[in-house]
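Heads up, the thing below is written out as structure tokens.
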Amino acid sequence: MTSSTAAAQPAAAKPVAAKPAAAKAAPASEEARIALVVRRHGARADALIEVLHQVQELHGYLSPESLRLVAVAMRLPLSRVHGVASFYHLFRLEPPTAHRCAICLGTACYVKGGGQVAARIEQRLGVRLDDPAGDGVWALQHVSCLGACGQAPVLVVDGELVTRLPVDQPEELDARLEAAGLPQRTTT
């Protein structure tokens with residue numbers, strides 16, 4: 001019987017070990033996930049920006065429903081939550097497009113033709129610079145620096161850095177943009 005008692009002891013210990021793992025499982029509903037984010041910050045009003053960042057990470061943007069849920073969970077007026085979300089440019093209030101291109105317009109890139117590259121990409125994709133909705137598939141945004149000033153002008157296409165764009169060689173520029181995955185959408 002001693003051996004059966006010893007065999008039973010590890011089995012009894014398993015449920016205790018399983019409880020913490022179950023507590024760490026991600027909540028299924030949007031409301032539960034947002035409530036968890038808010039609880040991590042103690043529902044403090046001064047944590048609103050961090051809460052919004054973490055909620056945005058869940059879906060890539062802040063939907064009207066997620067803003068409402070944050071307001072309820074933090075016991076803040078919806079107008080305050082929406083005001084903060086709409087003020088800061090890093091928050092997106094519309095679903096992100098499938099593809100994104102970020103063109104650097106910082107000093108080094110701008111001096112070396114970054115503005116011309118941005119205009120060419122606007123024309124190529126048929127989207128406006130800094131329109132977060134783009135055309136529904138592509139969005140083009142400007143950034144102040146990508147940290148590659150010595151390789152200016154530069155851009156990032158779907159997370160891939162493209163450097164030393166040949167602004168003064170239109171055919172080569174188009175070839176580089178095509179190779180980077182930027183389709184020719186217009187006939188201009």
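The values are calculated or read from the model by the stated rules, or taken from the named source; none is laboratory data. Since this is a predicted model, take the numbers as computed values, not measurements. Glycine also receives a Cβ, built like all others from the backbone with ideal geometry; neighbour counts cover every protein chain displayed.
Within the set of pairs 6+ apart or on separate chains, which have a first residue in region 113-132 that is assigned to a helix (DSSP H, G or I), a second that is basic (Lys, Arg) and surrounded by fewer than 21 Cβ atoms within 10 Å (Cβ to Cβ), and C-beta atoms under 8 Å apart?
Qualifying pairs under 8 Å: 122/128; 124/185; 125/185.
Looking at this structure, is residue 147 assigned to a helix (DSSP H, G or I), of a type in the set (Gly, Ala, Ser) and without any contact (Cβ under 8 Å) to a residue 24 or more places away in the chain?
Answer is no for this residue.
Given the residues 124, 120, which is the only one that is of a type in the set (Lys, Arg) and under 15 Å from residue 105 (Cα atoms)?
120
Condition first: assigned to a loop (DSSP other than H, G, I, E, B), in contact with a Lys or Arg (Cβ under 9 Å, 6 or more places away or on another chain) and in contact (Cβ under 8 Å) with a residue 40 or more places away in the chain. Now tell me which residues in region 150-169 satisfy that.
Across region 150-169, the qualifying residues are 152, 153, 154, 158, 165, 167.
Note down all Cβ pairs under 6 Å where the first residue falls in region 32-54 and is at positive phi, the second is of a type outside the set (Phe, Trp, Tyr) and modelled with pLDDT of 95 or more, and they're at least six residues apart or on different chains.
Matching pairs, first to second residue: 43/74.
For (1) farther than 12 Å from residue 103 by Cα; (2) assigned by TED's automatic domain parsing to the domain that holds residue 111; (3) touching a helix residue (DSSP H, G or I) at 6+ places or on another chain (Cβ under 8 Å), each residue gets a yes or a no:
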| residue | (1), (2), (3) |
| --- | --- |
| 130 | no, yes, no |
| 136 | yes, yes, no |
| 140 | no, yes, yes |
| 143 | no, yes, no |
| 156 | no, yes, no |
| 161 | no, yes, no |
| 166 | yes, yes, yes |
| 169 | yes, yes, no |
| 175 | yes, yes, no |
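Can we say residue 98 is among the small types (Gly, Ala, Ser), touching a Phe, Trp or Tyr at 6+ places or on another chain (Cβ under 9 Å), at pLDDT below 95 and under 26 Å from residue 66 (Cα atoms)?
So residue 98 passes the test.
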